[in-house]
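Worksheet: one structure, shown below.
Bear in mind that the values in this text are calculations on the coordinates, not laboratory data. Being a predicted model, the structure only gives us computed values, none of them experimental. Note that each Cβ is placed from the backbone with ideal geometry, even for glycine, and that neighbours are counted across all protein chains shown.
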């Protein structure tokens, strides 16, 4: 970490600051120029409160040289992490095709969708049991029953399943779930992350709508710092001024994350765009820029034919998307 | 709610849609023009999934006419809600002056700051015991001990206290806390909101960094829908492209919220700006545009004189801010 | 256009409003329900000031049913527009590979880069002569000389050229330029757009950093409304809170634009990301989601070997990108 | 300027970089630590292209120590600039009350509004003659006639006038205009700024919707670098995800600008919020946080009584706002 001091700082002030920094077990390297004094802080600077340091009257600015995440950092772990879940691998060249309905509705629905997407090449089944909803009056998911039905679908098809946890008190229900999802709204629910870090379950961590790439990595670090290194990151759109899509899918995050971390990165074009007809092109783009997987909403319920235009694809549409993604992955080999 | 259908929609499709809507206990009023057909949905539309409706192939667009929040809505509750906490009133003309340190550090610190801010006119003491931190390696607060020390300060000064909850499992510790704060990162932790709705504690609900005003009201609705109507809203800055301040304080949210809801609205200029020297002007602006209170970080620790420039004010600076806020409130009467 | 009136609006007010609307040559279709009155405005609503209408006390909300752009609208022009420039076609299946240096520096440089990128498959040469720079003290381009050198490169290679105009007073200099670029900062310089609309030159219109997709189309409409329909749209990143990339490349804009307009859409990953090593994956993603072209910075100046890491690619790197883009385009056929 | 080099940089590379920097007339101060090498660049670093430097493979990061604006910088000009226009002073304790209609419509209208707002304490008359409109089909202002009518109103009332220029080719028309406004969409129309810098007219420079505070100051620098130091800055809202207001008024920009520059700062709450009923609270807030003036839309046209709810205030409403602003300014003395 580098701290640049203001011009008019006295020697006494500089000493007082360096003493304070040394008390945090840091080595301080002082470089005094004509125009400015630069302090180089060496040691474990992840404990230094940058905001506090920056706010000191004598400090002009502060800059990290090393990243505040350690376990998630590719510098200290150059090889790609491959996460295994229910016999399926993700990352390091293994591509995950995750598909399934937004919400689990019934045994018939989930098993039927599972079979359809499996035939089209999906390797992991997604489905919401606990649903975070903006309105307290909206359907909140089948909850315990939803998880039970997902496990039925897993038994019927052999596909590993991924579903979202909203509250650590329900962790017991996830015993046979293969991948636990942390939703965008809980990306900085630090207590939840920490508890999940104490399990050895693969965790699919979605980026928050207003969270930076660095914050996503810091949230992964929360999980990893407790011992669980099976973390899969998920880009699912950020909130911007543009209203033509529900969120703005930040695909540049894929190569940026691949530079900074060894963890696998998947992309969810369904939630990002909110529109079924944008899912295919954005899934293709995700594959083209190197994502380790895609996560797509698929439903298959003739009784709700009305929903045909939703952000969910039909199994047939998913099949076409899966084909195209495969072709693109071959093209970029 | 209004749904505008596309031009080429057939009568059969229209019937299929209206049947589906009627099955949700809605009256559907059809207005068929030459250029378009408009459906007016009458009844409890708060259960209608707008995204789903909008996504239907036959639907051009959907528009809410009534807001999706009921209990928080000023239309159904025209009078200002006045929240009472530890003998102090907030809202409806009662202005809350909330002050205290970012983190509780020691008994001496918290009692000393409490006394100082009380002398300068603070009516409620704030202080962090559980601290949500981006990094797992940063200081996470004194936790249980922090709450204990806050209660000591309450005993010593008689001031009601407000402090943040991060996890519903710690609710018991908040028994004697006067106002429970829900932080920006937990604004959409719906399970936490729901549980707090089952208590009768005043809840200070901070706006999330990427959350709209409507989403803030929907989160208040989560609390209120469980029976707890003692909700105080807090504007604390949103995330934008501007980097000169930590966040962008959205003061227009104050009059907008006052139009839409009867709940009191306080402003936290310390977290929004992240810079002590911006706190005074923004506290003044908050008072001028009608906020029902301000929440300011104040510390008083000679041992950490280094921190003098942080986002915290000294008690002397807070005293000046409090004076100016009082003058402005008189000016706008 | 739909205007929803407030509940308590009187018949007299409604009449006064409809009279005002009719005076604008609109047919007004009134649908009076129990809960609300809906006005359907039929005719040329592109002249109605929505903000004004929305702001009327009696109006609850206003919604466009038809888009405010006509000439750029795919509804009225279902077939893809193919823009021709210097013998090269863009759009409707024709893919443009645009490459060249950020700034024209010398005859040797521009001709050398032109030859290199041409060999690697570039079909159009880009190069900045007039450079919009945030600082008045930065290099502002070679200006007239820059255009002259570009024309030399055109002569030497036969490639059509694209370069940016900043000021309509310099239009004469662009006589032999094949495509005139309007930069992001000038996307809403309406006088400039209008003047360019009076020429018959192909215009490459870049999306502004804070402009919506609809605003981009409205700016295209400015050009087209004067008679020039040779408009190529360019997505080059929008401004968001994320700081890991210079801007956030909004690739969803590509399929969204293809739905709404018949104009070709190219993507500039160099300016969007600001980092050379992100250009290859984002160019691949742009091709995968259906872009009609990519625009990439390439330089080839051994004297400035220092710049090797900039947002510009070397000719060798560009060659690899061009190869991958071709393979992806074959994969998505 | 500070450049931090990567760990593995060789001495040869360092020398090559420092030679390049020295060739730009900079002194380079090298501080070589165990963990990193820091280069301090001393001299006129405003010409150094930070993006380029940052992009070099050997460079970890780059940080400005001094700001890139010189003439607008308070460090080199500690005293407040007071701009004089038509006998009215702005800045340094002088507060400007700018009011008038969005568009000039007729002689009767503009003179009538001018008289009304003058009676209520407005000191400067605003009115749009050239109107930047998103749609080519919207009313674009009375143009030359609009300026002529404004000059009539000036003659009738003695008030100085401010109106927007969109195109440098119309500069002659502004000869008797007291303050020339540069709109948000033209904030980075650098050619326009430069030409205005060659005049000695006071320039009211509005912040662009997606522009940072630093970019606003750089645009002021464009004007000032040509010799015209009569620049008034105007905060008028930035574009964010929040849709409840047209833009998000960034009032923190007022104290931030006052720290960084000596130029006066006014606030336009009418355009920022887009809603008349938010103008009064936000004007009050602007005054409370230290703005040097406010700019408010007022109309007075009984024939268009329909517009009563628009972002424009009636003269009576403006009078109340002006009163409250005066009281607040007294309160914060």
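Put a point 7 Å out from Cα along the line to Cβ at residue D:44; what are the distances to that point in the other copies, in nm, shortest first?
Nearest to farthest, the other copies are at 4.9, 5.5, 7.3 nm.
If you average the sequence gap of Cα pairs under 8 Å that are 6 or more apart and divide by the length of the stretch B:156-275, what percent do you get for the contact order?
It comes to 20 percent, rounded to a whole number.
Please work out whether the stretch B:192-277 counts as rounded, prolate or oblate from its C-alpha gyration tensor, where a ≥ b ≥ c are the square roots of the eigenvalues and a/c under 1.5 means rounded, while otherwise a/b larger than b/c means prolate and anything else oblate?
It comes out prolate by the Cα gyration axes.
Which peptide among D:137-148, D:8-19 comes first, and what is the full order, when sorted by highest mean count of other Cβ atoms within 10 Å?
Per-residue Cβ counts within 10 Å, averaged per peptide and sorted highest first, yield D:137-148, D:8-19.
Per residue, what volume in Å³ does the Cα convex hull of chain A take up?
Each residue corresponds to 161 Å³ of Cα convex hull volume.
Choose one answer from C:30, C:294, C:98: the residue with the largest mean-square fluctuation in a GNM of chain C with alpha-carbon springs under 10 Å.
C:30
Considering only chain A, what is the antiparallel percent among its DSSP beta bridges, to the nearest 5?
Looking only at bridges with both residues in chain A, the antiparallel portion is about 45 percent.
Per DSSP H run of at least 4 residues, take -39500 (n - 2.57); add these up for chain B, divide by its residues and hand me the 222 nm value, nearest 500 deg cm²/dmol.
-10000 deg cm²/dmol
Tell me the relative contact order for the stretch D:194-233 as a rounded percent, counting alpha carbon contacts under 8 Å between residues six or more apart.
Averaging sequence separation for qualifying contacts and normalising by length gives 60 percent for the stretch D:194-233.
Ordered shortest first, which distances in nm separate the 7 Å Cα→C-beta label point of residue B:24 from those of the other copies?
The answer, with the shortest distance listed first, is 3.1, 5.2, 5.9 nm.
Using the 10 angstrom Cβ neighbour count as an exposure proxy, how do A:178, A:292 rank, fewest first?
A:178, A:292
Provide A:152, D:164 in ascending order of the number of other Cβ atoms located within 10 Å of each residue's Cβ, fewest first.
Neighbour counts put them in this order, fewest first: A:152, D:164.
Quote the relative contact order of chain C in percent (integer), defining contacts as alpha-carbon pairs under 8 Å separated by 6+ residues.
15 percent
Averaged over every viewing direction, what's the projected area of the C-alpha convex hull for the stretch A:43-191? Give it in nm², one decimal, please.
With every direction weighted equally, the projected area is 13.0 nm².
How many angstrom separate the Cα center of the stretch D:134-187 from the Cα center of the stretch D:70-89?
24 Å
Jot down the radius of gyration and Dmax of the stretch A:221-333, Cα atoms only, both in angstrom.
15.3, 46
Shortest first and in nm to one decimal, what separations exist between residue A:75 and its copies in the other chains, measuring from label points 7 Å along the Cα-to-beta-carbon line?
Ordered by distance, the counterparts are at 2.8, 5.4, 5.5 nm.
To test your reading of the geometry: what angle, between 0 and 90 degrees and rounded to tens, separates the Cα axis of helix D:213-224 from the longest principal axis of chain D?
Tilt relative to chain D: about 80 degrees.
Taking R0 as 60 Å, what FRET efficiency do you get between residue A:23 and residue C:82 from their Cβ-Cβ distance, rounded to the nearest 0.05?
The calculated FRET efficiency here is 0.30.
Among B:312, B:116, B:31, which one moves the most in a GNM of chain B with springs linking Cα atoms closer than 10 Å?
Maximum fluctuation in the GNM of chain B, among the listed residues, is at B:31.
Could you tell me the center-to-center distance, by alpha carbons, between the stretch D:244-263 and the stretch A:1-59 in angstrom?
30 Å
Based on DSSP, what percent of beta bridges with both residues in the stretch A:195-307 are antiparallel, to the nearest 5?
Just about 10 percent of them are antiparallel.
Given the options D:83, D:162, D:65, state which has the largest fluctuation in a GNM of chain D using a 10 Å cut-off (strictly under) for Cα springs.
D:65
Could you tell me how many degrees, from 0 to 90 and to the nearest 10, lie between the Cα long axis of helix A:107-119 and the main elongation axis, the longest principal axis, of the Cα atoms of chain A?
80 degrees
Please report, to two decimal places, log10 I(q)/I(0) for the stretch C:83-162 at q = 0.11, 0.17, 0.22 Å⁻¹ as given by the Debye formula with identical point scatterers on the Cα atoms and no solvent.
For the requested q values the scattering log ratios are -0.29, -0.64, -0.94.
How far, in whole Å, is the closest Cβ of chain A from the axis that maps A onto D, and which residue does it belong to?
For chain A, the closest residue to the axis carrying it onto D is A:31, 2.
Please compute the average number of Cβ atoms from other chains found within 10 Å of each residue's Cβ in peptide D:38-44.
Going residue by residue through D:38-44 and averaging, the value is 4.
Using only alpha carbons, build the gyration tensor for the stretch B:28-112 and give me the equivalent ellipsoid semi-axes, biggest first, whole Å.
Semi-axis lengths for the stretch B:28-112 are 49, 18, 10 Å.
Please list the three semi-axes, largest first and in whole Å, of the ellipsoid equivalent to the protein assembly as shown, using sqrt of 5 times the eigenvalues of its alpha carbon gyration tensor.
40, 39, 38
On C-alpha positions alone, give me the angle between the axis of helix C:144-157 and the longest principal axis of chain C, in degrees, nearest 10.
Helix C:144-157 and the main axis of chain C meet at about 70 degrees.
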